[in-house]
1. Go through the range A:54-149 and name the chymotrypsin sites (Phe, Trp or Tyr not before Pro) that are in a DSSP coil and have 10 or fewer other Cβ atoms within 10 Å of their Cβ.
2. Given axes a ≥ b ≥ c from the Cα gyration tensor, I'd like to know whether chain B is rounded (a/c under 1.5), prolate (a/b larger than b/c) or oblate.
3. Under a Cβ-Cβ cut-off of 12 Å, what is the net charge of the residues other than residue A:68 that fall near it, where Lys and Arg count +1 and Asp and Glu count -1?
4. Among A:145, A:116, A:83, whose Cα sits farthest toward the positive end of the charge dipole of the range A:67-145 (+1 at Cβ of Lys/Arg, -1 at Cβ of Asp/Glu, about the Cα centre)?
5. List every residue whose amide H lies under 5 Å from the amide H of residue B:100, counting only residues 5 or more places away in sequence or on a different chain, with H placed 1.01 Å from N in the peptide plane.
6. Considering only protein heavy atoms, with the full assembly of protein chains and a 1.4 angstrom probe, order A:228, B:147, B:94 by accessible area, largest first.
7. Quick test of the membrane-span-like rule: which DSSP H helices of chain B reach at least 18 Å along their long axis (C-alpha atoms) with mean Kyte hydropathy at least -1.0?
8. Tally the DSSP beta bridges in chain B and give the antiparallel ones as a percent, rounded to 5.
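The values are calculated or read from the model by the stated rules, or taken from the named source; none is laboratory data. Because the structure is predicted, anything quoted here is derived from the model rather than measured. In this analysis, Cβ positions are derived from the backbone assuming ideal geometry, glycine residues included, and neighbour counts consider all displayed protein chains. When the accessible area is computed, the model is the full protein with side chains, heavy atoms only, and any ligands, DNA or RNA have been set aside. Shrake-Rupley method; radii C 1.70, N 1.55, O 1.52, S 1.80 Å.
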Amino acid sequence: MCSAGAARVRHESNESATIVSQDSYNAAPAALERRHQTIEIPMANYGTNEFKGGLKIMLDGDPHSIVSNEFVKPGKGQAFTRTRVRNLKTGRVVERTFKSGESVESADVMDTSMQYLYSDGEYWHFMNPETFEQLAADKTAVGDAHLWLMDEAVCEVTLYNGQPLAVTAPNFVEMTIKETDPGLRGDTATGGTKPAHMETGAVVKVPLFIEEGEKIKIDTRSGEYVSRVK
Amino acid sequence: MSWRSNASLANLQAGARLRRAIRQWMDAEQILEVCTPVLSRYATTDPHVHSVVTTTGHFLHTSPEFAMKRLLAVHAESDTATAPDLYQLAPVFRAEESGRFHNSEFTLLEWYRLGMNHLDLMRDVERLLKHLWKAFFLPWPGICVCRYGVAIHERLGLWPEQLSVEAIEHYFERAQKPFPNAMGQDLDAALDLFMDEFVLPDFSSQSFTILTDYPVSQAALARLGEDVDGRQIAQRFEVYFGQVELANGFHELKDGDTQRQRFENDLVRRRELDEPIVPMDERFLEALAAGLPDCAGIALGLERLHMVLGKHDHIDQVLSFNHARA
């Protein structure tokens with residue numbers, strides 16, 4: 001969970017999470033004893049000297065990701081670490097300054113590749129292609145990514161405490177145009193564009209020669225047309 | 001993992017030229033070059049400077065200051081008239097310092113001038129810097145002076161010793177700047193951050209600034225005295241280029257008892273901060289008791305000076321191998 005060999009990592013037993021087996025209703029007393037063994041999962045803390053871009057930490061009860069950090073120290077004085085951090089729930093970037101030696105709790109955040117299955121209108125369902133485990137992400141987590149979600153698209157799902165926090169669509173998707181104005185045949189040079197409506201509801205500006213029913217490649221990061229797919 | 005160097009050949013050549021120009025000036029000024037041990041059984045007590053400890057229980061020095069002052073005391077004891085000024089280009093080591101302007105191992109140019117006070121020493125640094133700028137065919141960028149207490153008073157309406165951590169935190173809040181949660185009642189730390197956030201950015205970005213007349217609480221190894229308005233201050237200054245701290249100069253404290261008291265205060269502070277308790281340099285204290293001549297001394301970060309000369313924005317650019325590749 002945290003880097004090995006780091007000098008200031010602290011594993012404190014009083015901050016450990018305790019997991020107790022729940023499934024013990026019908027168990028015999030002896031088995032119950034056994035099942036009640038507790039498993040200690042240490043929560044890691046990061047010292048300021050371990051800060052680096054991308055590190056996930058807890059601040060004010062929300063998971064944050066470090067965007068950038070700078071070590072500040074007057075020759076004879078106190079050292080500080082000045083950071084810019086992104087709140088992973090709201091996406092907002094704020095500045096925070098830490099005294100050197102301060103430690104902050106790590107955030108149980110991980111990015112995993114998951115396959116998009118379907119949407120039931122309220123939730124978007126994803127599956128881990130290795131474990132076949134399924135998860136449902138709500139509107140807040142999916143955000144604008146819903147415009148690019150097609151069957152079986154492999155997305156980056158950011159999990160916080162095992163729950164989807166954010167969904168990032170693949171960088172490039174291929175989609176069929178559902179509706180657009182008639183094409184201007186042969187016009188490949190003027191560079192004009194027109195709006196095209198996709199099956200997912202996304203609207204992409206395409207060159208004038210593109211026709212309804214054609215398949216195109218789109219860069220989801222900018223929402224821009226890349227090329228025709230043949 | 002990379003086995004290659006951080007600095008380009010051009011930067012290694014500029015580094016060599018810089019050291020040559022420094023030695024040239026020191027020779028012309030008849031300042032004697034010395035080498036003192038890098039390994040010592042004693043360490044700095046400064047609560048914010050972390051020594052590297054070896055398996056033999058020795059400490060890698062964080063500055064050659066104690067040993068050089070012992071030499072000054074020895075020479076003054078035998079014959080004050082012939083005692084030379086001293087300089088050293090020393091590799092020094094500070095654990096846990098790493099960043100754009102920090103590398104755990106770096107080079108200090110440290111020199112001592114007999115009979116000078118901190119004001120004389122400011123002019124001395126200026127003369128060296130002018131010599132170096134000339135050696136690199138650069139126009140002299142100019143130098144201005146900023147007084148620590150005045151800079152604080154202009155912005156907060158109070159003198160450093162009248163301030164509280166809360167007053168400084170309040171200023172940060174109004175300016176919508178982040179203030180660490182863990183500041184506690186550490187006024188000097190809060191002042192450090194205030195200087196960095198609100199005073200240094202006002203320094204002229206393309207010339208030198210000397211920050212002087214430090215609060216008494218930050219005297220370190222400098223004498224106490226009065227500023228031009230009769231306020232008590234530490235006779236200490238720092239040299240900046242833009243916001244980059246280059247050098248730290250003192251009118252050196254001679255009184256051994258006061259020095260011991262400051263070391264002990266440091267150790268108390270270390271205990272509060274949960275920092276290791278290190279042995280204070282008893283041989284240095286003995287030398288002070290025997291008699292340090294009146295002098296002023298300064299330590300200048302060589303790599304940072306090189307960065308400023310070459311307009312480099314990361315210390316790695318002037319290091320053959322940075323700490324990560326060492």
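1. Numbers: sites: A:71, A:80, A:98, A:116, A:118, A:123, A:124, A:126, A:132, A:148; in loops: A:123, A:132.
Sparse-neighbourhood loop chymotrypsin sites (Phe, Trp or Tyr not before Pro): A:132.
2. Numbers: a/c = 1.24, a/b = 1.09, b/c = 1.15.
Judged from the Cα gyration tensor, chain B comes out rounded (a/c under 1.5).
3. Working: positive: A:52, A:82, A:84, A:86, A:96, B:100; negative: A:70, A:95.
Every neighbour counted, the sum reads +4.
4. The listed residue farthest towards the positive side: A:83.
5. Sorted by chain and number, the residues that satisfy this are A:71.
6. Numbers: A:228 85, B:147 65, B:94 35 Å².
In descending accessible area the options line up as A:228, B:147, B:94.
7. On the way: long enough: B:9-28 (29 Å, -0.33); B:65-78 (20 Å, 0.18); B:118-135 (25 Å, -0.43); B:256-272 (24 Å, -2.19).
Correct list, ordered by number: B:9-28, B:65-78, B:118-135.
8. Values: 40 of 48 bridges.
Antiparallel bridges: around 85 percent, rounded to the nearest 5.
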